[in-house]
Amino acid sequence: MALLPIDDSTPPVGPTPSIASSGTPGVAGALEAYRQKDMTKVRFKAIGNAPIMRQNYYRITASNRFQAVIQFLRKELGWKAADPLFTYINSAFSPTPDDTVANLYKCFATEGHLIVNYSSTAAWG
Amino acid sequence: MSSLFRQMVWDGTVPLAIKLAPSSLPSSSDRMLDTYFIQAPRISYLPLLIPEIRQNLCDLVLDEATAAALREEDWWFETEKDNVLKWHWPIGLLYDAHFTTMSASESCFLPSASSLSPPMPITLYLSNPPADKLLLTPSVESLKSSFMSQCKEADFLRWGSTRRMTGLRKTEQDGLWDAIREHNYDNFWKIGSKILPNPNPPSPLLNSSPPTPNPDGTGAATTTNDAYAVRSIPLRLFLPNAPVIQDLCSPVTQNGVHTTLGDLLSASFPLLFSKGANIQNTSISGAYAVVQGMEPPLETEVGWLGASLAGADGWVNVCVGLRA
């Protein structure tokens, strides 16, 4: 699992590879250069009756899909696959599980964090 | 003009050739008849086609007992390249992404742009859905909630909050989805025009005080509905065999110039699209971009795309392909 608790003394992992350093020439190389790999910060917020986590801030590989965040939450909360878990960004909408964390971070980060609300019941439909 | 493009997007269809997976066929099946051709609306979704596929393909190929025992919630779709099709993507996007991806693989024949659209080959499996790849249960109910979430995400990008979506009455929210299921343009846009920006181009030079997007993230109530007043266009970039790219995409630059598709592509993929010395952006290495099955000129403004060529969920899907 790629989620790590945040310790701000550690340097950020995996800088974005620069396009110039990509060794593969041509179009295939161009495509490869855009496959991103770096880290973003995620902040979890419980809603309603959902239990609070011991730690709310985590670092996650940006190329992960949101599905990885959902799976991580389930594991941390000790919830089974059948237990309902609803996740939202910015208390507003549910991203699709195949959105990458990088995309969500770029579009919706607040003060350097992607805020993920979680709940055991539907909150913002 | 504005509603012309909306109507064209709504009426757009793509040909699909749906074939039953041989592994899904018991020996009693009629294997002479295994492919069903369908002209499907771009803005629709695969699960909405299931009743028609069942009636015109499965019920004819399978013996009566097997057909009766089918569980539609177990059905899933794959391309011939073994890529599981995301049932929550609009069909038009599945189609465009498939053919732009094919264009990037070397061993592929692509018809020239002028010829008719080829059918997209799809294999239908009747059991053992790969839950890890489908991510969500492919029921019509979860499809509806996924559609609503996409509408809200787009709303948040456009206006900085989901107030326009949440401001709709429950019957109106349901009405959006029902209009897609019933493929009813008028019913959809009666409600859709309350959420989506107006595609009419702004009159140039008339804006002494241009409706600039609200710069802070709090989403103050924007009342204007202008296509160029949105904070960001809900827009996704699809590269062959790569994760989808989504970023903030303002219709107007800091200098007050309208952002074009070419600006966006050259900023996102400078190795594929270069910013020309003049205003013109150019594509290198034969890269091209498809929106709703068309190749818009690179000088097309993204604000206009957001208002005119967005799908019913409000998203503009740009698929990048490579021409040999």
Out of B:SER114, B:SER145, B:SER127, sole residue that is more than 30 Å from B:PRO26 (Cα to Cα), in the same structural domain as B:LEU57 (by TED's automatic domain parsing) and either part of a helix (DSSP H, G or I) or modelled with pLDDT under 90 (or both)
B:SER114
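Residue by residue, here is whether (1) among the aliphatic types (A, V, I, L, M); (2) surrounded by 17 or more Cβ atoms within 10 Å (Cβ to Cβ); (3) without any contact (Cβ under 8 Å) to a residue 24 or more places away in the chain holds:
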position: B:PRO119; (1), (2), (3): no, no, no
position: B:THR123; (1), (2), (3): no, yes, no
position: B:PRO129; (1), (2), (3): no, yes, no
position: B:ASP132; (1), (2), (3): no, no, yes
position: B:SER139; (1), (2), (3): no, no, no
position: B:LYS144; (1), (2), (3): no, yes, no
position: B:PHE147; (1), (2), (3): no, yes, no
position: B:LYS152; (1), (2), (3): no, yes, yes
position: B:LEU157; (1), (2), (3): yes, yes, no
Within region B:27-108, which helices (runs of 4 or more DSSP H) (wholly inside it) include 1 or more residues that are in contact with a helix residue (DSSP H, G or I) (Cβ under 6 Å, 6 or more places away or on another chain)?
B:46-53, B:64-68
Can you find even one residue in region B:232-242 that is modelled with pLDDT of 65 or more, surrounded by 19 or more Cβ atoms within 10 Å (Cβ to Cβ), among the hydroxyl-bearing types (Ser, Thr, Tyr) and closer than 30 Å to B:GLY286 by Cβ?
yes
Please find, within region B:220-231, the residue that is surrounded by the fewest Cβ atoms within 10 Å (Cβ to Cβ) out of those that are modelled with pLDDT under 90 and of a type in the set (Val, Ile, Thr).
B:THR223
Just one of the numbered conditions (1) more than 24 Å from B:GLN150 (Cα to Cα); (2) touching a Ser or Thr at 6+ places or on another chain (Cβ under 7 Å); (3) outside any strand (DSSP E or B) is not true of B:PHE5; which one?
(1)
Give the residue that is surrounded by the most Cβ atoms within 10 Å (Cβ to Cβ), with candidates limited to residues of region A:88-125 that are among the β-branched types (Val, Ile, Thr) and within 9 Å of chain B (Cβ to nearest Cβ).
A:ILE89
Scanning for something modelled with pLDDT under 90, away from chain A (no Cβ under 11 Å) and buried (at least 17 other Cβ atoms within 10 Å of the Cβ), does region B:283-303 turn up at least one residue?
yes
Region A:72-99, residues that are without any contact (Cβ under 8 Å) to a residue 40 or more places away in the chain, over 18 Å from A:ASN49 (Cβ atoms) and not in a loop (DSSP other than H, G, I, E, B):
A:ILE89, A:PHE93
From the set of residues in region B:241-273 that are within 14 Å of chain A (Cβ to nearest Cβ) and in a strand (DSSP E or B), which is farthest from B:ALA97 (Cα to Cα)?
B:PHE273
Taking region B:164-189 and keeping only residues that are assigned to a helix (DSSP H, G or I), surrounded by 15 or more Cβ atoms within 10 Å (Cβ to Cβ) and within 14 Å of chain A (Cβ to nearest Cβ), one is left with B:ARG164, B:MET165, B:GLU172, B:GLN173, B:LEU176, B:TRP177
Looking at this structure, is A:LYS80 farther than 26 Å from B:ASP155 by Cβ and surrounded by fewer than 21 Cβ atoms within 10 Å (Cβ to Cβ)?
yes
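The values are calculated or read from the model by the stated rules, or taken from the named source; none is laboratory data. Computed from a predicted structure; not experimentally measured. Counting neighbours? That spans all protein chains shown, and the Cβs are built from the backbone with ideal geometry, glycine included.
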